[in-house]
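What follows is a single structure, written as structure tokens, with notes after it.
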Amino acid sequence: MLPKRFDSTIEKKWQEKWKQDGTYKFDIDATQPGTQDPRPIYSIDTPPPFTSGTLHLGHIYNHTWIDIVARYRRMIGYNVLLPQGFDCHGLPTELVVEKKAGVDRRDREKFLTACTEWTENAVAKMKTQFDSVGYSTDWAHSYRTMDDSYKRRVQKTLLQFYDKGLLYRAKHPVLWCWKCGTALAKAEVGYVEKDGKLYHIDIEVVGEKDKLTIATTRPEMMPACVAVFVHPEDARYKKFVGKKAKMPIFGQEVPIIADTDVDKEFGTGVVYLCTFGDEQDMRWQKKYKLPIVEAITPNGRMSEKAGKFSGMKMAEAQKALVEELQHERRIKKVEDLPHNVLCHTERSSCENPIELLPMEQWFIKVKETLPGVLKAARGMRWFPPYTLKRLEDWCESMDWDWIISRQRTFGTPIPFWVCQSCGDVMHAKPDELPIDPRGTTKKCKCGGEAIGEKDVCDCWVDSSVSALTVTKWDEDEAFFKKTYPVTMRPQGYEIIRTWTFYTIFRSLILTGHPCFKDLMINGMVAGPDGRKMSKSYGNVVGPEVVLAKYPADAMRQWGATGTLGEDFPFSWEECEHSNKFLTKLWNVSKFIEGHFIDHRRVKQPKLETVDMWMLSKLQEVVKTTRENFEAYTFNIPMQAIRGYVWHELADYYLEMVKHRLYKPEIHGEESKLAAQWTLSYTLDTILRLFAPIAPHITEEIYSDMFKEKTVHHAGFPNVDEKFINKKAEEACGILIKITDDVRKHKSGNSISLGADLEKAVVETPDVETAKSLERDIKGTNKILNLEIKKGAELKVSF
Ligand SMILES: [Zn+2]
Ligand SMILES: [Zn+2]
């Protein structure tokens, strides 16, 4: 018997039971029931959350969808591989260990051990959180990017890229965040509007009386100036082209070059090129083969090239230099100029301006492979389809190779050594992996000493082998064959240019085949006020706060309300509404239990019109749910299921059959049985339809009433064509309309809904149908004397 009230503590009970029973255990060799045929496999490359120690609502949102897909696929007969990994390496962990735990990173062994321990703890907490929302992963297939097995795979791919000539080491301008002390990938930076000033500075031209006035926002870059540019059609400056400009204070003489990329309208129409102020500088430096002057050091200060300004922070140097230029009366004008500055914006709250510094880094060649990546991506099904455009745009804008090295400690080591004498690169042997070359040396063939690489991999180098990891590439050939390509990659749109791109790219190079069939793309979760969740807005809601108030099955319904690809606010109202629905479903089930016969164990009785209407409507819900689950849309089926239970079932059908259930002596045993049979069939179907969204409550009711081990192995409902009955639906439309009118009449006249009505007259153009439902009209509405007569339109009078 179900307890009287729905109690959400059943959720914990089921989570433990599922674990004990291995309900979601994945067996690669699972067969179809009663046969030796393998079950078709559905594999999911789930996003590994960064191991911060806590999941946020964005994770819950994303993983609710993933879990619905996994549960649905299992129920329709797939063998579902739902592994959940964890992305362990990252600057935040290093900072916590360094600052909060006080471990010095210079003692590398101790520091790495502390990072590992901290991360293990974080993973344990996050696993508990995943369990607490009923996430149906098989933890036996979990991975952590800090594990030896994971690092081995990452390093192996690097060796293969090296063998293919796609991985190299070079001195190259990199996007450098001096505050974090590391190189960044292009995908980690973005433009931020900042206040600034445009300085108009007079420059002497060698052998000319007239001066040139350059306009720049960064006078402190002057020591790195290697050329001055004007537009070839700018009449003001034609005479200077080919001559030399002499920088004030620093004294270097640099060529004056005409190039059509100069914007005549900006500032004075004269710009200087400093290596490197921005990406335009890089293009010009290459095009005109100009020298490179490094005026900025990796810690964000002026280098010795800046003369008396060396050692100063950039902002200090700017101030001092401007003062000196003013003193020399070189500054003609200063304009306020808010402008976009490239900053460290992604996956970090840093927001520090980025410098382009030439540095020895490790790179992976990307550009030549882009056509193949695009072709692979276009062959995949994107849900929603427009998200493919983000990847296409990203590929088209890409003009840099991928910098994979990071100047950090807790990360996957780069398995190479560099000779200090000849500069040759030596790599680890595959059977040595995983290896940490830091602090080790090798003998080079030139006789020199090769030193182990100190840098570690960018975290995307780790996470973009997830598809190869979950399918056991290079580890278990049979497993890989069965699970690759991955059936579905779920993720947020904000990491299409990183996680999606790098995964498709690397998997393609290493396996020769596209890695995904489908991609399910979600948006970001906003705060309840619709703004981006942020501590500064005070609108952050954590899943633990929601779970303290509502069952996981309510929070999951909130998650299922979102739309593919679109941002989605958290909503307390939706949680409240979802929770009310759980109570409704419970109460409906309690009612049915009071009249329960298991429809699977009795012969189908002769159904009446209202039964046929109920079952016909139910087939629509089944159809909608299946179609939308196939297309990774959850809000439409959820509304369909909830609407059906709330309205068709609870508001109407239950009221329509009460007289048959309670008074078989009047209406006959067969009529009662037909109602019972229909209720059982309907509840069974609803529970199985709703199980992927709300796995706990459906399990509780299903196991209690239908005595099966678990609803999650019970199979998903199919549309039963024989129950589709438009005639019954039309006929019942009359009954519903009359019922609505009677309810309106009763409530308008302060008559209780359960009270008898002495008399009612129904006028209708379809007397025959109304007559066939006479008993239902009377029984449902407690009408003692009913008259049915011909009329122009359906109308009830009292
Ligand atoms: Zn930074
Ligand atoms: Zn050498």
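The values are calculated or read from the model by the stated rules, or taken from the named source; none is laboratory data. Because the structure is predicted, anything quoted here is derived from the model rather than measured. Don't worry about glycine lacking a Cβ; one is built from the backbone with ideal geometry, like all the others, and counts go over all protein chains shown.
In segment 441-472, what residues are closer than 30 Å to Glu109 by Cα, more than 16 Å from ligand 2 (Cβ to nearest atom) and of a type outside the set (A, V, I, L, M)?
Lys454, Asp455, Cys457, Asp458, Cys459, Trp460, Asp462, Ser463, Ser464, Ser466, Thr469, Lys472
Pick out the one residue from Tyr42, Tyr61 that is outside any helix (DSSP H, G or I), in contact with a Phe, Trp or Tyr (Cβ under 9 Å, 6 or more places away or on another chain) and of a type outside the set (A, V, I, L, M). Write out each step before concluding.
Numbers: Tyr61 fails: outside any helix (DSSP H, G or I).
After ruling out the rest, the residue left standing is Tyr42.
Residues of segment 343-359 being buried (at least 18 other Cβ atoms within 10 Å of the Cβ) and more than 9 Å from ligand 1 (Cβ to nearest atom), which ones?
Arg347, Glu355, Leu356, Leu357, Pro358 - these are the residues of segment 343-359 that are buried (at least 18 other Cβ atoms within 10 Å of the Cβ) and more than 9 Å from ligand 1 (Cβ to nearest atom).
Condition check ((1) over 41 Å from the mean Cα position of the chain (by Cα); (2) aromatic (Phe, Trp, Tyr); (3) over 30 Å from Thr500 (Cα atoms); (4) at pLDDT below 95) across all residues:
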| residue | (1), (2), (3), (4) |
| --- | --- |
| Arg406 | no, no, no, yes |
| Gly423 | yes, no, yes, yes |
| Lys429 | no, no, no, no |
| Glu432 | no, no, no, no |
| Thr441 | yes, no, yes, no |
| Glu449 | yes, no, yes, no |
| Cys457 | no, no, no, no |
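Show the residue pairs meeting these rules: Cβ distance below 9 Å; 6+ apart or different chains; first residue within segment 176-189 and within 16 Å of ligand 2 (Cβ to nearest atom); second residue in a strand (DSSP E or B) and modelled with pLDDT under 80.
none
How many of the residues in segment 725-754 are under 44 Å from the mean Cα position of the chain (by Cα) and either of a type in the set (Gly, Ala, Ser) or under 30 Å from Val80 (Cβ atoms) (or both)?
Number satisfying all stated conditions: 1.
Scan Val719, Val711, Val657 and give me the residue that is more than 24 Å from Tyr24 (Cβ to Cβ), surrounded by 22 or more Cβ atoms within 10 Å (Cβ to Cβ) and of a type in the set (A, V, I, L, M, F, W, C). Walk me through it before giving the result.
Values: Val719 fails: surrounded by 22 or more Cβ atoms within 10 Å (Cβ to Cβ); Val711 fails: more than 24 Å from Tyr24 (Cβ to Cβ).
Val657 is the lone residue from the list that is more than 24 Å from Tyr24 (Cβ to Cβ), surrounded by 22 or more Cβ atoms within 10 Å (Cβ to Cβ) and of a type in the set (A, V, I, L, M, F, W, C).
Taking the condition crowded, with 18+ Cβ neighbours inside 10 Å and in contact (Cβ under 8 Å) with a residue 40 or more places away in the chain, does Ser43 pass? Break it down stepwise before answering.
On the way: crowded, with 18+ Cβ neighbours inside 10 Å: yes; in contact (Cβ under 8 Å) with a residue 40 or more places away in the chain: yes.
The answer is yes for Ser43.
Can you find a residue in segment 163-179 that is out of contact with any Phe, Trp or Tyr (no Cβ under 6 Å at 6 or more places or on another chain), modelled with pLDDT of 95 or more and surrounded by 15 or more Cβ atoms within 10 Å (Cβ to Cβ)?
yes
Of all the residues that make up segment 189-205, how many are under 13 Å from Val270 (Cβ atoms) and hydroxyl-bearing (Ser, Thr, Tyr)?
1
If Ser750 satisfies every condition in (1) over 19 Å from Thr682 (Cα atoms); (2) in a helix (DSSP H, G or I) but one, which is the exception?
Failing condition for Ser750: (2).
Which one is nearest to Leu661 (Cα to Cα) among residues in segment 768-778 that are crowded, with 22+ Cβ neighbours inside 10 Å and out of contact with any strand residue (DSSP E or B) (no Cβ under 9 Å at 6 or more places or on another chain)?
In the first step, residues of segment 768-778 are kept if they are crowded, with 22+ Cβ neighbours inside 10 Å; the result is 770, 773, 776-777.
This time we only want the ones that are out of contact with any strand residue (DSSP E or B) (no Cβ under 9 Å at 6 or more places or on another chain), so: 773, 776.
On the way: Leu773: 17, Asp776: 12 Å.
Filtering first and then ranking leaves Asp776.
For residues that are free of Cβ contacts under 8 Å to residues at least 60 places away in the same chain and within 19 Å of Leu167 (Cβ to Cβ), scanning just segment 452-479, find the one that is surrounded by the most Cβ atoms within 10 Å (Cβ to Cβ).
Filtering segment 452-479 for residues that are free of Cβ contacts under 8 Å to residues at least 60 places away in the same chain and within 19 Å of Leu167 (Cβ to Cβ), the one surrounded by the most Cβ atoms within 10 Å (Cβ to Cβ) comes out as Ser464.
Checking Asp210 against (1) within 16 Å of ligand 1 (Cβ to nearest atom); (2) within 26 Å of Tyr288 (Cβ to Cβ): exactly one of these is not met. Which one?
Failing condition for Asp210: (1).
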